[in-house]
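Notes follow the structure.
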Amino acid sequence: MMLKKLISRNVTKTVQLVCVKAEALICHDGNSTQVIGSATDSQVFNSQLLNILEYFKSKLRAENCDLVTNIMGNIMNPLIQAISESIEAILLTMHQEYFKRTSNKTTEYSLYMVELSSFLQRVAKDYLSLYNSNETIQKSAHQLSNRAIKSLVTNVSLVTNLDNEIRKQLVIDLNYVEVAVMPICPVLHDGQRYLRAFRNILQMNMDEIKNSNLIGPLVPHSCALHLIINQTNGEIKTPNIVNNWSVARYLRWLEEHSEKEKITLLKTCVESYVESVNSKGQTKFHQHYPIILYLLNNSYSD
């Protein structure tokens, strides 16, 4: 028993020493997180270091794996963050997209989706292929794809002047994104359910949205509210327009705040709209106002 404890203690110390040495070797320079060209020497070195740690981890008992896993995360996470930021920058360009269909379009989906697809193919080929670890790659791929889908859905909900033609084009884009992310993540799981639920809502009329059981359990009320408000031809304004924020700034705000805070901000904007109508002596509200009010009230009961 004493010998077993001694061996266990020595193994733990060895693992700790390896982790300290490995962490000191990680490349943290700008080249380690660039995603505009082929893999750099820093990225190749970090991938080799992670592959060695993965092999080392496979020879350990479970109780000694956590430290190694943390170091592997320290290697991988900065690159994944850089890739995520690039994905979000690409998706942000949809707000400058001309969505109207034309006969000379080279693809049925939008330009931002073409760029996203091309970028993800390159991510898989140039960066993720450097790593031998299936577990590490799968975890990172799911993290990337889920964040990309969440960002895509939020951006789509913020597209202004959302008429039927634009909605049809966005549905095509939402269909294609499942193909676009396949190079990094063939199976989406939770992200796929969220994406498909939102895509269904995008195709619904107001009565169908009101009676939908997708809002709340799968699609946040705030997301559905943004989508409907942006179909009022600017009569009811979203918080970014009311506060004169850029879409990028508002996306950051949404990322940093809870669903309750989002609903509160949306409610303030809707109340401002009601006050504006009343101050003009008008008695008629936009036809979508009842469903907006219904979803606001329903959000507090969930």
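In this model, which of Lys150/Lys280; Lys139/Lys260; Lys57/Lys262; Lys100/Lys210; Lys210/Lys284 are farther than 32 Å apart at the alpha-carbon?
Numbers: Lys150/Lys280 39 Å; Lys139/Lys260 29 Å; Lys57/Lys262 42 Å; Lys100/Lys210 28 Å; Lys210/Lys284 20 Å.
Pairs exceeding the cut-off: Lys150/Lys280; Lys57/Lys262.
Along Cα→Cβ, 7 Å out, is where each label goes; now give me the distance between the ones at Val20 and Asn243 in nm to one decimal.
Distance between the two pseudo-spin positions: 4.6 nm.
How are the C-alpha pair distances of the stretch 33-118 spread across 10 Å bins, as whole percents from the shortest bin up?
14, 31, 22, 18, 11, 4, 0
If you average the sequence gap of Cα pairs under 8 Å that are 6 or more apart and divide by the length of the chain, what percent do you get for the contact order?
Value for the chain: 16 percent.
Just to confirm, what accessible area per residue do you get for the chain at 1.4 Å probe, in whole Å²?
Numbers: 16330 Å² over 302 residues.
Here the residues of the chain average 54 Å² of exposed surface.
What distance in nm separates the two pseudo spin-label positions at Glu208 and Asn31, each 7 Å out from Cα along the beta-carbon direction?
So the two model labels end up 5.4 nm from each other.
Counting other C-beta atoms within 10 Å, and keeping those with at most 16, which DSSP coil GluC sites (Glu not before Pro) do you find in the stretch 229-268?
Details: sites: Glu235, Glu255, Glu256, Glu259, Glu261; in loops: Glu235.
Those that pass, being in a loop and sparsely packed, are Glu235.
At 7 Å along the Cα-to-beta-carbon direction for both Trp253 and Ile172, put a label point, then send me their distance in nm to one decimal.
Calculated label separation equals 3.3 nm.
Take the Cα coordinates of the chain, assign each an equal point scatterer, and use the Debye formula without solvent to give log10 I(q)/I(0) at q = 0.09, 0.10, 0.15, 0.16 Å⁻¹.
-0.57, -0.67, -1.14, -1.23
Starting from the Cα-Cα distance between Tyr55 and Glu85, subtract it from 0.36 nm times their residue separation and give me the gain in nm to one decimal. Could the numbers behind the result be given before it?
On the way: separation 30, 0.36 × 30 = 10.80 nm, distance 2.98 nm.
Roughly 7.8 nm would be gained on extension.
Carbon and sulfur atoms: what percent of the 1.4 Å accessible area of the chain do they account for? If you can, show how the numbers build up before the last one.
Values: 8500 of 16330 Å².
For the chain, the apolar C and S fraction of the accessible surface comes to 52 percent.
What does the extension gain come out to for Gln48 and Glu275, with contour length at 0.36 nm per residue minus their alpha carbon separation?
Values: separation 227, 0.36 × 227 = 81.72 nm, distance 6.17 nm.
Stretched out fully, the Gln48 to Glu275 stretch lengthens by 75.6 nm.
So, R0 is 35 Å and r is the distance between the beta-carbons of Leu293 and Lys125; what FRET efficiency does that work out to, to 0.05? Walk me through the numbers on the way to the answer.
Working: r = 49 Å, r/R0 = 1.41.
Taking R0 as 35 Å, the efficiency between Leu293 and Lys125 is 0.10.
Quick one: what Rg and Dmax do you get for the stretch 230-302 from the alpha carbons, in Å?
13.0, 38
The values are calculated or read from the model by the stated rules, or taken from the named source; none is laboratory data. For clarity, every value in this text was computed on a predicted model and none was experimentally measured. FYI the Cβ positions are ideal-geometry reconstructions off the backbone, even for glycines, and counts take in every protein chain you see. The protein model used for the area step is the full one, side chains on, heavy atoms only, and it has no ligands, DNA or RNA in it. Shrake-Rupley method; radii C 1.70, N 1.55, O 1.52, S 1.80 Å.
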